[in-house]
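Reviewing the structure listed below.
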Amino acid sequence: MIDPGSDSWSYVAAMFSYEFLGGGVEYDTIERIHRGEIDEWVQALTQSGLFEKATVSHIADSWRAAPRQLFDMLVLDADEMTARRCSLAWSSLDRLAPLARLG
């Protein structure tokens, strides 16, 4: 798991949190993260050149194990309404996930 107090957490949050500023997030983005589809964010970390390969691998493993970590990082700097809207969307996906597995 990525330690929220670590430098890696801070740098990654700074790289991506702009996506959720000003209510610009789409439900599809939250849904993809909830499903564990994190490749675009891992690729962005890799291409940034800011992190060693091992660090990117560790972050990717953390996000695969707990996609909520990536989500939390993305809404870190969002305004209150955006953060609340995104959190409600995540909660609804949590409730629907068991039903999706049955289908």
Return yes or no: is SER92 more than 11 Å from the chain's Cα centre (by Cα) and open to solvent by less than 40 Å² (accessible area, probe 1.4 Å)?
yes
Matching option when the condition is open to solvent by 60 Å² or more (accessible area, probe 1.4 Å), in a helix (DSSP H, G or I) and at pLDDT below 95, among ALA13, ALA54, ALA83, ALA97:
ALA54
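The values are calculated or read from the model by the stated rules, or taken from the named source; none is laboratory data. Computed from a predicted structure; not experimentally measured. For accessibility, only protein heavy atoms count, side chains too; no ligands or nucleic acids. Shrake-Rupley method; radii C 1.70, N 1.55, O 1.52, S 1.80 Å.
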